[in-house]
Ligand code: SAH
Ligand code: SF4
């Protein structure tokens, strides 16, 4: 990193109000904020000289005090099924991944919020790797910026745009990087930026209850919660933060979140299928009972193994039998498809890289879960 880049304000991560504040603070008019947000996020422009509705003097001034600096793409890979993956270098030299998954009616971008994670879920290799760094708002929205730019399609046109959905399901626990995540999501929803629907931006959390209660006060994006077990005894083992905020407390917090929304939406429970651990018919019945106490959908995720893990994925038949019990009880229950596995972009194959290896407990780190380091 050069000295000048440290001193300059990176405008990429500023929400509209923060951008307006920035312009007011340098003695400019507030409306410059919206102009800059549009140039950056809707037109993909990072060079102040190309921002033709700004005076030459203002452009020169901006060049001295500010910059628009996304992460550096060090790798881009396309899968036969249309999945696209980017490896991006962030400040400090660590790398994170973003993955784009096209489907018939949508294009979903999976975004990271931290390098590593401190929560140590037993089946997640990000957790095994430990915490390395919080991403800045610029580094989080930068993943969206670069993905959108790589498709070269209009942001505003809901018929043509490539990225229609964003899920905060990459590496890290988004609620433990609260303000940057909220700011980045605000740009995703912002009319002057990506103008995504609040139902199409999803935050996934393992259940950091106090922060979830705070989130309810500041945003209304879709919520996914990593449940993975129907009882506290098993969840304590798989998702250690459950020891602090057990299922009943977590459910109250989710109900509060849903109650704060202006429409009737449900939470999506993520449930990673681990062979012989959480996948029996009895556990499906327990989960079904629990799920009846809240407005929810259940997404069953086949476990993606990584080197050194003690877990195995449940068989296809086991997963379908588990799903059948939930469906028969009237729940909405889906099984997540594996996509992009030919470019290591499937859930469980997302790899980032940490620059400072002394902070790592293993050589592997990931977005959702890790297998192979990439840039070799
Ligand atoms: N920290 C947040 C978001 C990132 S993890 C959370 O835990 O919700 C995104 C999802 O991937 C979570 O549901 C997580 O439990 C799941 N996941 C983690 N490791 C996995 C693995 N090895 N195989 C399948 N899913 C995994
Ligand atoms: Fe962190 Fe989520 Fe992995 Fe748990 S599942 S260790 S919260 S990234």
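The values are calculated or read from the model by the stated rules, or taken from the named source; none is laboratory data. Predicted, not measured: the structure shown is a model, and the values here were computed from it. Ideal geometry is used to build each Cβ from the backbone, glycine not excepted, and the neighbour counts take in all protein chains shown.
For residue 147, the test of being closer than 18 Å to residue 182 by Cβ and more than 13 Å from ligand 1 (Cβ to nearest atom) is failed. A single member of 244, 264 is away from ligand 1 (no atom under 13 Å from the Cβ), at pLDDT below 95 and assigned by TED's automatic domain parsing to the domain that holds residue 316, and it is 264.
Against the numbered list (1) surrounded by fewer than 21 Cβ atoms within 10 Å (Cβ to Cβ); (2) at pLDDT 95 or above; (3) touching a strand residue (DSSP E or B) at 6+ places or on another chain (Cβ under 9 Å); (4) not in a strand (DSSP E or B), residue 64 comes up short only at (3).
Within segment 1-26, residues that are not assigned by TED's automatic domain parsing to the domain that holds residue 182 reach partners that are at pLDDT below 95 with beta carbons closer than 7 Å, at six or more positions or on different chains, in the pairs 1/91. Residues of segment 164-178 include at least one that is under 19 Å from residue 99 (Cβ atoms) and either more than 16 Å from ligand 1 (Cβ to nearest atom) or surrounded by fewer than 17 Cβ atoms within 10 Å (Cβ to Cβ) (or both).
If you check residue 224 against the conditions, is it within 13 Å of residue 258 (Cα to Cα) and in contact (Cβ under 8 Å) with a residue 24 or more places away in the chain? First the steps, then the outcome.
Numbers: within 13 Å of residue 258 (Cα to Cα): yes; in contact (Cβ under 8 Å) with a residue 24 or more places away in the chain: yes.
So residue 224 passes the test.
Looking at segment 99-143, what strands (runs of 3 or more DSSP E) fall wholly within it and have at least 1 residues that are within 14 Å of residue 188 (Cβ to Cβ) and more than 9 Å from ligand 2 (Cβ to nearest atom)? Let's see the steps before the verdict.
On the way: elements: 106-110, 114-116, 131-134.
Result: 106-110.
Might you let me know whether segment 145-159 holds any residue that is more than 16 Å from ligand 2 (Cβ to nearest atom), in contact with a helix residue (DSSP H, G or I) (Cβ under 9 Å, 6 or more places away or on another chain) and assigned to a helix (DSSP H, G or I)? Full working, then the answer.
Taking segment 145-159 as the starting set, the residues that turn out to be more than 16 Å from ligand 2 (Cβ to nearest atom) are 145-159.
Now restrict to residues that are in contact with a helix residue (DSSP H, G or I) (Cβ under 9 Å, 6 or more places away or on another chain): 145, 148, 154-156.
Among the residues that remain, those that are also assigned to a helix (DSSP H, G or I) are: 145, 148.
Within segment 145-159, one or more residues are more than 16 Å from ligand 2 (Cβ to nearest atom), in contact with a helix residue (DSSP H, G or I) (Cβ under 9 Å, 6 or more places away or on another chain) and assigned to a helix (DSSP H, G or I).
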